[in-house]
Structure formats: structure tokens, C-alpha cells
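Have a look at the structure below before the remarks.
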Amino acid sequence: MSLLNILEYPDPRLRTVAAKVDGFGPQLQAFCDDLLETMYAAPGIGLAATQVDVHKRIIAVDVSENRNEPHILVNPRLTLHGELIDGEEGCLSVPGIYEQVQRAERITVNAQNPQGEAFSLEAEGLLAVCIQHECDHLEGKLFVDYLSNLKRNRIRKKLQKQQKQRA
Ligand code: GNR
Ligand code: NI
């Protein structure tokens, strides 16, 4: 297993729209293990393949307290239900920034597991929010895109400054 590098905003590679997975096998299985391991190490409650510069439709999530309820979703398709709710979000690709975002309170997601078998998952609360956040990554979308231009520009400048200082 190996830890993967996480891209940071405003890296343009985060804007890539991910491609559908249509081949299942040991290579895909190994990548899913690395994605999950990278999410746990970060630590984060979710991680999309886009964030590690792999532009395939794969996300990992685990919102459990004990970090022992992993979900890997390949080719996820979302259906939104219920009211819109406001919640604070962060992102491993936008480190140190937390802002309120509106999301559907409940979802159904149809996906495949790493073996290619189809399944359906119903979620609410943090799991529903996290899956919506991860599916956005696969479309090249970040939570900062829901904020005002003023806020997003401030965040971009702050992160660019941090990245320069690190380099
Ligand atoms: O670790 C994460 N926490 C989080 C908190 C509120 C809403 C969404 C998230 S996802 C984030 C990890 C991440 O960046 N996934 O793409
Ligand atoms: Ni994120």
C-alpha cells in the first residue's frame, strides 16, 4: 500500500472531470486501497480520486467515529432528497478553511464496489454531505465554488502564499 499526494487549491488539475471506470481488476483494487489509506492518514472523512490526480470516478468515505466503516464508491450516481441544510465543510485540498455550504439532507447513491458489483446506499447527515462533496470533486468542483467571489479569492491568495512559503 502507499500514501498518495493530495493536490491543493488552486491546482488546475482539481478542475478535471473524472472518467467512468469500466475495467475492474487487481490494479483498480490496489488503487482503492491506496485511496482509503491516504484518506485515513490525512486524516479525512472522504477522498476523491481527483484529489490524488487520478481522474477516474472513484471516491472513499468513512464518517464513523471509530474509522472502521469504509465505503468505496466506483461510478457513483447521486439522487438528492429532502430539504437543503447548511453545514460547515472543509476539504483536504483546501487545508485550514471551513465554511458553511448548503447540501441536500438525504441522498440515494447508486454505485459499484471495487469488484464491479452494483449497490445502492441511502444516507443522511454527515455521510450524505460527504458523498455530495466527493461527487463534486469528480466533476472538478470544490466547496469554495459555492462561496462568494470575494471569499474564494481571499482563500486562493492565502493558500498560494502558504504554498510559496513551503516551496
Ligand atoms: O475530511 C473532510 N471533512 C469534511 C467535513 C465536512 C464536509 C465535507 C468533508 S470532506 C473532507 C475530506 C475531503 O476533502 N474530501 O474531498
Ligand atoms: Ni474535498
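Of everything in segment 115-167 that is modelled with pLDDT of 95 or more, among the hydrophobic types (A, V, I, L, M, F, W, C) and more than 16 Å from ligand 1 (Cβ to nearest atom), the residue that is nearest to PRO70 (Cα to Cα) is LEU121. Of all residues in segment 115-134, those satisfying the criterion of being in a helix (DSSP H, G or I) and of a type in the set (A, V, I, L, M) are LEU126, LEU127, ALA128, VAL129, ILE131.
No other residue among ARG152, ARG106 is basic (Lys, Arg), surrounded by 13 or more Cβ atoms within 10 Å (Cβ to Cβ) and within 16 Å of ligand 2 (Cβ to nearest atom) apart from ARG152. Could you say whether any residue in segment 125-139 is exposed (fewer than 12 other Cβ atoms within 10 Å of the Cβ) and within 16 Å of ligand 2 (Cβ to nearest atom)? Scanning segment 125-139, I find no residue that is exposed (fewer than 12 other Cβ atoms within 10 Å of the Cβ) and within 16 Å of ligand 2 (Cβ to nearest atom), so the answer is no. In segment 13-30, the residues that are among the basic types (Lys, Arg) reach residues that are part of a loop (DSSP other than H, G, I, E, B) with C-beta atoms within less than 6 angstrom, at least six apart or across chains, in these pairs: ARG13/LEU7; ARG13/ASP53; ARG15/GLY140; LYS20/ARG57. Filtering segment 87-114 down to residues that are without any contact (Cβ under 8 Å) to a residue 24 or more places away in the chain and part of a strand (DSSP E or B), which residue is nearest to ligand 1 (Cβ to nearest atom)? Only one residue tops the list, namely GLU88.
The values are calculated or read from the model by the stated rules, or taken from the named source; none is laboratory data. Please read these numbers as outputs of a predicted model, since none were measured by experiment. Ideal geometry is used to build each Cβ from the backbone, glycine not excepted, and the neighbour counts take in all protein chains shown.
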